1. Filter segment B:29-49 for residues that are closer than 20 Å to A:PRO39 by Cα, facing chain A (nearest Cβ under 10 Å) and within 15 Å of the chain's Cα centre (by Cα); which is surrounded by the fewest Cβ atoms within 10 Å (Cβ to Cβ)?
2. Hey, can you tell me all the residues within segment A:88-108 that are open to solvent by 10 Å² or more (accessible area, probe 1.4 Å) and not β-branched (Val, Ile, Thr)?
3. Give the residues of segment B:76-104 that are farther than 21 Å from A:PHE106 by Cα and either open to solvent by less than 40 Å² (accessible area, probe 1.4 Å) or charged (D, E, K, R) (or both), sorted by residue number.
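The values are calculated or read from the model by the stated rules, or taken from the named source; none is laboratory data. Just so you know, these numbers come straight off a predicted model, no measurement behind them. Every residue, glycine as well, gets a Cβ built from its backbone with ideal geometry; the counts of neighbours run over all protein chains shown. To get the accessible areas, we keep the full protein, side chains included, count just its heavy atoms, and leave off ligands, DNA and RNA. Shrake-Rupley method; radii C 1.70, N 1.55, O 1.52, S 1.80 Å.
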Amino acid sequence: SAVISQKPSRDICQRGTSLTIQCQVDSQVTMMFWYRQQPGQSLTLIATANQGSEATYESGFVIDKFPISRPNLTFSTLTVSNMSPEDSSIYLCSVTSGGDTGELFFGEGSRLTVL
Amino acid sequence: QQQVKQSPQSLIVQKGGISIINCAYENTAFDYFPWYQQFPGKGPALLIAIRPDVSEKKEGRFTISFNKSAKQFSLHIMDSQPGDSATYFCAPGTYKYIFGTGTRLKVLA
């Protein structure tokens, strides 16, 4: 299993600013995923972040808007840039434990409100 | 992103009843078929999962059935309890996982 801590747990931001979300895992993991979950909705995969390589973004998400860093095997950051109210959402960091199982472990997420 | 559709969107079941949630996917390369349970304010947590080499898996009150030819799999919750009230997501994939549209389950006491 893996325990994930995210910071901040919630924040209120002004339009046009940027916010960086941190994700810390209690064990070394190869793959980390960033998801977005709008209130009452499903999870949408933003990008996959592997240590030592550029993040791979899903359709509809671009690096300029959501830059990701993955400096080591236990840590990643997601920045939401030039925020608008449409970016108000819960951002979730996730990892797999590796091996034969594809189980995803999630933190409690970072709830972002943009005014 | 590839479509993963769940049905129903919401479900109300009496305590002790059976809850059935279905998931339909498009990508035949998927090789991991999980169901996640999410409570308000929490991240999703794995409930049960299946690989495509078996058609059914049971863990306690939870059963997952897999129909490869129909590209569908389902979650059955037997003897549903009020504590099962949550949102359920399927999330099939290979090395990355696409979440379904979600099913909000309410079990009445």
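1. Restricting to residues being closer than 20 Å to A:PRO39 by Cα, facing chain A (nearest Cβ under 10 Å) and within 15 Å of the chain's Cα centre (by Cα), the top hit is B:ALA45.
2. First, the residues of segment A:88-108 that are open to solvent by 10 Å² or more (accessible area, probe 1.4 Å): A:88, A:90, A:96-101, A:103, A:105-106, A:108.
Listed by number, the residues that qualify are A:SER88, A:SER97, A:GLY98, A:GLY99, A:ASP100, A:GLU103, A:PHE105, A:PHE106, A:GLU108.
3. The initial filter retains those residues of segment B:76-104 that are farther than 21 Å from A:PHE106 by Cα, namely B:76-82.
Across segment B:76-104, the qualifying residues are B:ILE77, B:ASP79, B:SER80.
Listed here are the residues, each with its yes/no results for (1) over 11 Å from A:PHE33 (Cβ atoms); (2) under 15 Å from the mean Cα position of the chain (by Cα).
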site	(1), (2)
A:ILE68	no, yes
A:PRO71	yes, yes
A:SER84	yes, no
A:ASP87	yes, yes
A:CYS93	no, yes
A:THR101	yes, no
A:ARG111	yes, yes
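Listed here are the residues, each with its yes/no results for (1) open to solvent by 30 Å² or more (accessible area, probe 1.4 Å); (2) without any contact (Cβ under 8 Å) to a residue 24 or more places away in the chain; (3) aromatic (Phe, Trp, Tyr).
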{"residue": "A:VAL3", "(1), (2), (3)": "yes, no, no"}
{"residue": "A:THR17", "(1), (2), (3)": "yes, no, no"}
{"residue": "A:GLN22", "(1), (2), (3)": "yes, no, no"}
{"residue": "A:MET31", "(1), (2), (3)": "yes, no, no"}
{"residue": "A:GLN41", "(1), (2), (3)": "yes, yes, no"}
{"residue": "A:PHE61", "(1), (2), (3)": "no, yes, yes"}
